[in-house]
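To start, the structure itself, in structure tokens.
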């Protein structure tokens, strides 16, 4: 019996990706303390993860999770709107709202689910979709995270993309459909380039046109701004400038999950219409408890982790400058090194692994063709000596030079 055509098509697409050298594969990485990982029998320094402050293994988070799991069990067994909303969830939502200067926050299980659900609700609630008639206008940065793009498409919005980091281009796209309610969505810190969106200029463009600004601050929260409140706070903006803020809890906060925050009535509307919130089991209460512990550490920063991360970023960038390495212009923990071809990026990652460093090659379709790169990330747990050793290993790569970089 022949295979169904749909499965034949899927296999052909997978085979084509493999032939192009773009197949992704999972690898088991066991934690060995700090930023060290055991991979295929070798201990490597992890310079590609998102645990920017090194909180994932912090004793306070582990203790909070243990205590909550003993009291609550592991799974919640129900959605938030059924019987899965626990006291730890409610307390975390209140603390996240206070931290980000907003009236209310709602928890989601992942950042992808938060973006899909929130954009579906914001762009589609109350609309009567019909063929050829979009529910709203959604303008997005060309380098936004895939979940932001997917959320707009899921909602049936007219999706228009503007030149990366260009507020004037964003304004022109907002002007393209003056009859539609409009939302402008952007990453706060772009995950593949490490640069920060021009949030003040984007907020001004939205104010002038009556559009809503939505910021995904997955990579800014915890590391930028006063109390680590993120790229929006660092830009001096508040809830009136950015009515809807999304943040993840599994990066700088070292836990898991995500949230959307804003005015109480806006968050309530998202809760009522976001299918990825309504129809899924709530995150374990123990995760919420561990995140609350992380949030206290981030806001108070008693160990100076943000300052240590800033020092590590500065050390890496200065070393890269001295060595002539073509690191992209980023002041955040994300420090991409452009390589160019996908095969060359894979070879560079393999050479670094042989030298004792885990740095994943980022290839199309995650980035544009010809823009494959090593996505190097810094953490507060990296020591100066290991940063210097990584720089030496990068300098030895045949394509890590300005005269051959893309």
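Derivation of every value follows stated rules applied to the coordinates shown; laboratory data play no part. Everything quoted here is computed from the prediction, not taken from an experiment. No Cβ is skipped: glycine too gets one built from the backbone with ideal geometry, and neighbour counts run over all protein chains shown.
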Got a sec? How would 128, 283 order by Cβ neighbour count within 10 Å, fewest to most?
128, 283
Exposure proxy ranking, count of Cβ atoms within 10 Å, fewest first, for 9, 161, 37:
9, 161, 37
Kindly provide the helix-only [θ] at 222 nm of the chain, computed as the sum of -39,500 (n - 2.57) over DSSP H runs of four or more divided by all residues, to the nearest 500 deg cm²/dmol?
-12500 deg cm²/dmol
What order do you get for 39, 260 when you list them from fewest to most C-beta neighbours inside 10 Å?
39, 260
Which whole-number value in Å³ per residue fits the convex hull of the alpha carbons of segment 74-300?
106
Note the direction-averaged projected area, equal to a quarter of the hull surface, for the Cα convex hull of the chain, in nm².
22.3
For segment 174-275, the Cα-Cα pair-distance distribution in 10 Å bins from 0, as whole percents, is 15, 46, 33, 7, 0
Convert 25 °C to kelvin, take the viscosity as 0.890 mPa s, use the Kirkwood radius over C-alpha pairs of segment 78-187 as Rh, and evaluate the Stokes-Einstein diffusion coefficient in µm²/s, rounded to a whole number.
159
Looking at segment 74-300, send over the antiparallel percent of its DSSP beta bridges, to the nearest 5.
45
Packing-based ranking, highest mean first, of 24-36, 178-190 given that Cβ atoms within 10 Å are counted
178-190, 24-36
Over every pair of different alpha-carbon atoms in segment 285-401, take the mean of 1/r and invert it; report that Kirkwood radius in Å.
15.4
Segment 316-388 versus segment 171-201: alpha-carbon centroid distance in Å
27
Between segment 54-133 and segment 1-43, what is the separation of their alpha carbon centroids in Å?
29
First measure r as the distance between the Cβ atoms of residue 81 and residue 300, then evaluate 1/(1 + (r/R0)^6) with R0 = 41 Å and state the FRET efficiency to the nearest 0.05.
0.80
Using C-alpha positions alone, give me the convex hull volume of segment 212-345 per residue in cubic angstrom.
167
